[in-house]
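Visitor: Could you have a look at this structure, given as structure tokens, before my questions?
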Amino acid sequence: MPTPSSDTATKSYTLGLVGARGSVGRELIALLQRHSAIELTSAWSESNAGQPIEGVPGMSFEAPDLDAWRESAPDIVALALPNGRAAEAVAALESSRRPPALIIDCSADHRFDASWVYGLPETNRSRIRGAGRIANPGCYATAMGLTLSPIRDRLLGVPHCFGVSGYSGAGSTPSERNNVARLTGGVLPYSSVGHIHEREVSCTLGVPIRFAPSVAPFERGIVMTVLFELDAPTDEQALASIYREAYRDEQLIDVIDGATPRVQEIVGRPGAVIGAIQVDPAHPTRGAAVCVIDNLLKGAASQALQNINAALGLHKLEGISP
Ligand SMILES: NC(=O)c1ccc[n+]([C@@H]2O[C@H](COP(=O)([O-])OP(=O)(O)OC[C@H]3O[C@@H](n4cnc5c(N)ncnc54)[C@H](OP(=O)(O)O)[C@@H]3O)[C@@H](O)[C@H]2O)c1
């Protein structure tokens with residue numbers, strides 16, 4: 001864990017961001033403007049190098065330059081690079097004269113690496129405290145993890161998760177999944193088998209799951225419907241009370257029992273809402289719940305900040321307003 005640096009007059013820690021002009025990078029920049037202890041000192045972007053950063057007066061994107069990074073050596077490095085590109089950035093940072101005390105990777109590159117801590121703070125904050133290498137969970141994986149963790153030890157069989165994401169989940173590089181004109185009026189299922197977040201949740205939860213994603217023509221947000229079988233009969237009240245108890249001390253997680261959470265209402269907010277908690281009266285071991293998050297916030301940037309706060313021992317909501 002980095003100790004507060006004396007590099008900046010006003011804030012205790014310096015942070016450099018790689019992949020700064022992407023969808024996640026921009027959200028993280030916006031959040032950091034409100035953070036009292038962390039100063040964004042470098043924002044790397046190949047394509048936007050030299051251009052001013054919106055909302056950050058006097059600061060421009062910089063061309064990636066490892067030598068310059070070796071000089072500036074921020075305390076914290078946040079990576080918002082595509083999957084497959086973060087590992088090489090980490091290798092370069094690790095080989096520098098002063099590797100960052102804390103690296104947080106928003107890609108999938110270190111989520112299966114046992115030497116990194118998987119950062120889903122509501123389920124493992126004590127492991128994140130003091131960690132130097134944190135893998136930020138995937139967006140769908142966050143919604144699945146939050147819904148399945150409280151009932152993990154009561155599951156029988158394989159839960160099935162059906163996630164619908166806004167097109168910002170596909171990042172800003174043009175693709176079928178963020179082509180608004182092609183998406184309009186429909187829903188596009190993809191990767192119905194073998195999605196990496198299926199493997200991520202199965203691995204971190206320690207219970208196999210199935211997951212089918214789709215993308216819909218709204219910009220931000222995820223609606224995750226989770227169907228599961230429990231090892232004993234229950235009812236909706238009892239099931240909802242498991243969720244309420246699990247998240248009693250978590251200001252970012254709202255449990256609304258049987259009411260259905262609306263994805264439109266979570267957009268722009270850093271937490272999650274879990275609702276539509278149901279049990280089939282005809283088969284009282286069969287349950288369901290729905291979780292909504294903003295994929296760019298709880299699914300990425302605000303969760304990264306939660307993890308950084310936890311690693312540094314800062315207040316858990318610093319820079320994040322529920
Ligand atoms: N979008 C989401 O909802 C979401 C949620 C959770 C996690 N994530 C993960 O967070 C990471 C960033 O996602 P994003 O949505 O912000 O992606 P994005 O909008 O596509 O931005 C990617 C960033 O990485 C830089 N980059 C470097 N090498 C690149 C390459 N070969 N191809 C494309 N971009 C490259 C980009 O370009 P410049 O260097 O030119 O700036 C840009 O700054 C990904 O690993 C993604 O899986 C995304």
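Visitor: Report the residue count in the range 13-34 for those that are assigned to a strand (DSSP E or B), closer than 22 Å to Asn178 by Cβ and more than 8 Å from the ligand (Cβ to nearest atom). Steps first, answer last, please.
Guide: First pass over the range 13-34, keeping only residues assigned to a strand (DSSP E or B): 13-18.
Among the residues that remain, those that are also closer than 22 Å to Asn178 by Cβ are: 17-18.
Going one step further and asking which of them are more than 8 Å from the ligand (Cβ to nearest atom), we end up with 17.
Number satisfying all stated conditions: 1.
Visitor: Give me the residue from the range 271-306 that is in a loop (DSSP other than H, G, I, E, B) and without any contact (Cβ under 8 Å) to a residue 60 or more places away in the chain and, out of that set, farthest from Ser36 (Cα to Cα). If you could, list the steps in order and put the result at the bottom.
Guide: Quick first cut of the range 271-306, residues in a loop (DSSP other than H, G, I, E, B) only: 271, 281-282, 294-300.
Okay, now just the ones that are also without any contact (Cβ under 8 Å) to a residue 60 or more places away in the chain, so 271, 281-282.
Numbers: Gly271: 20, Pro281: 50, Ala282: 53 Å.
Among residues in the range 271-306 that are in a loop (DSSP other than H, G, I, E, B) and without any contact (Cβ under 8 Å) to a residue 60 or more places away in the chain, the one farthest from Ser36 (Cα to Cα) is Ala282.
Visitor: Turning to a different aspect of this structure: For residues that are aliphatic (A, V, I, L, M) and within 16 Å of the ligand (Cβ to nearest atom), tally how many sit in the range 170-195. Explain how you work it out, then say what you get.
Guide: From the range 170-195, those aliphatic (A, V, I, L, M) are 170, 180-181, 183, 187-188, 193; that's our starting set.
Checking the rest, the ones that are also within 16 Å of the ligand (Cβ to nearest atom) come to 170, 180, 183, 188.
Residues flagged as aliphatic (A, V, I, L, M) and within 16 Å of the ligand (Cβ to nearest atom) within the range 170-195 amount to 4.
Visitor: Can I ask one more? When Pro82 is evaluated against the numbered criteria (1) in contact with a strand residue (DSSP E or B) (Cβ under 8 Å, 6 or more places away or on another chain); (2) within 11 Å of the ligand (Cβ to nearest atom), which criterion, by number, is the only one it fails?
Guide: Every listed condition holds for Pro82 apart from (1).
Visitor: While we're looking at this one, here's another question. For Ser107, state whether it is in contact with a helix residue (DSSP H, G or I) (Cβ under 7 Å, 6 or more places away or on another chain) and modelled with pLDDT of 95 or more. Lay out the reasoning, then the answer.
Guide: On the way: in contact with a helix residue (DSSP H, G or I) (Cβ under 7 Å, 6 or more places away or on another chain): yes; modelled with pLDDT of 95 or more: yes.
For Ser107, the condition - in contact with a helix residue (DSSP H, G or I) (Cβ under 7 Å, 6 or more places away or on another chain) and modelled with pLDDT of 95 or more - is met.
Visitor: Read through the list (1) free of Cβ contacts under 8 Å to residues at least 40 places away in the same chain; (2) within 16 Å of the ligand (Cβ to nearest atom), then give the number of the only condition that Asp153 fails.
Guide: All conditions pass for Asp153, except number (2).
Visitor: Considering every residue within the range 241-264, establish whether at least one is in contact with a helix residue (DSSP H, G or I) (Cβ under 8 Å, 6 or more places away or on another chain), in a helix (DSSP H, G or I), hydrophobic (A, V, I, L, M, F, W, C) and in the same structural domain as Pro150 (by TED's automatic domain parsing).
Guide: Yes.
Visitor: Here is a further query. How many residues are touching a strand residue (DSSP E or B) at 6+ places or on another chain (Cβ under 9 Å), more than 15 Å from the ligand (Cβ to nearest atom) and among the hydrophobic types (A, V, I, L, M, F, W, C) if we restrict to the range 85-118?
Guide: 3
Visitor: Taking the conditions exactly as written (farther than 19 Å from Leu314 by Cα and at pLDDT 95 or above), does Glu27 satisfy them or not?
Guide: Values: farther than 19 Å from Leu314 by Cα: yes; at pLDDT 95 or above: yes.
Criteria met by Glu27.
Visitor: Would you mind finding the one in Ala37, Ala43 that is in contact (Cβ under 8 Å) with a residue 12 or more places away in the chain and either surrounded by fewer than 21 Cβ atoms within 10 Å (Cβ to Cβ) or out of contact with any helix residue (DSSP H, G or I) (no Cβ under 9 Å at 6 or more places or on another chain) (or both)? Full working, then the answer.
Guide: Values: Ala43 fails: either surrounded by fewer than 21 Cβ atoms within 10 Å (Cβ to Cβ) or out of contact with any helix residue (DSSP H, G or I) (no Cβ under 9 Å at 6 or more places or on another chain) (or both).
None of the others qualify; the one that does is Ala37.
Visitor: Quick one: in the range 79-97, of everything that is at pLDDT below 95 and among the aliphatic types (A, V, I, L, M), which residue is surrounded by the fewest Cβ atoms within 10 Å (Cβ to Cβ)?
Guide: Across the range 79-97, the extreme among qualifying residues is Ala91.
Visitor: Let me confirm something: among Gly271, Gly319, which residue is in contact with a Lys or Arg (Cβ under 7 Å, 6 or more places away or on another chain), outside the structural domain of Val187 (by TED's automatic domain parsing) and either more than 16 Å from the ligand (Cβ to nearest atom) or closer than 26 Å to His197 by Cβ (or both)? Don't jump to the end; show me each part of the working.
Guide: Working: Gly271 fails: outside the structural domain of Val187 (by TED's automatic domain parsing).
Answer to the check: Gly319.
Visitor: For the range 159-169: of the residues being in contact with a helix residue (DSSP H, G or I) (Cβ under 9 Å, 6 or more places away or on another chain) and either more than 7 Å from the ligand (Cβ to nearest atom) or not assigned by TED's automatic domain parsing to the domain that holds Ile222 (or both), which is nearest to Leu81 (Cα to Cα)? Give the derivation first.
Guide: First, pick out the residues of the range 159-169 that are in contact with a helix residue (DSSP H, G or I) (Cβ under 9 Å, 6 or more places away or on another chain): 159, 161, 163-169.
Among the residues that remain, those that are also either more than 7 Å from the ligand (Cβ to nearest atom) or not assigned by TED's automatic domain parsing to the domain that holds Ile222 (or both) are: 159, 161, 163-167.
Numbers: Pro159: 30, Cys161: 26, Gly163: 23, Val164: 23, Ser165: 20, Gly166: 19, Tyr167: 17 Å.
Residue satisfying both the conditions and the ranking: Tyr167.
Visitor: Can you say whether Pro100 is buried (at least 18 other Cβ atoms within 10 Å of the Cβ) and in a loop (DSSP other than H, G, I, E, B), as far as the supplied structure shows?
Guide: So Pro100 fits the description; yes.
Visitor: Name every residue in the range 47-78 that is surrounded by 12 or more Cβ atoms within 10 Å (Cβ to Cβ) and in a loop (DSSP other than H, G, I, E, B), in order of residue number.
Guide: Result: Asn48, Ala49, Ile53, Val56, Met59, Phe61, Ala63, Pro64, Asp65, Ala73, Pro74, Asp75.
Visitor: What is the one condition in (1) more than 16 Å from the ligand (Cβ to nearest atom); (2) at negative phi that Gly130 does not satisfy?
Guide: Gly130 satisfies every listed condition except (2).
Residue-by-condition table, conditions (1) touching a Lys or Arg at 6+ places or on another chain (Cβ under 6 Å); (2) among the β-branched types (Val, Ile, Thr):
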position	(1), (2)
Asp254	no, no
Thr260	no, yes
Gln264	no, no
Ile277	no, yes
Asp294	yes, no
Ala310	yes, no
Gly313	no, no
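The values are calculated or read from the model by the stated rules, or taken from the named source; none is laboratory data. Remember, it's a predicted structure, so these values are computed and weren't measured experimentally. Here Cβ is always computed from backbone atoms with ideal geometry, including for glycine, and neighbour counts include all displayed protein chains.
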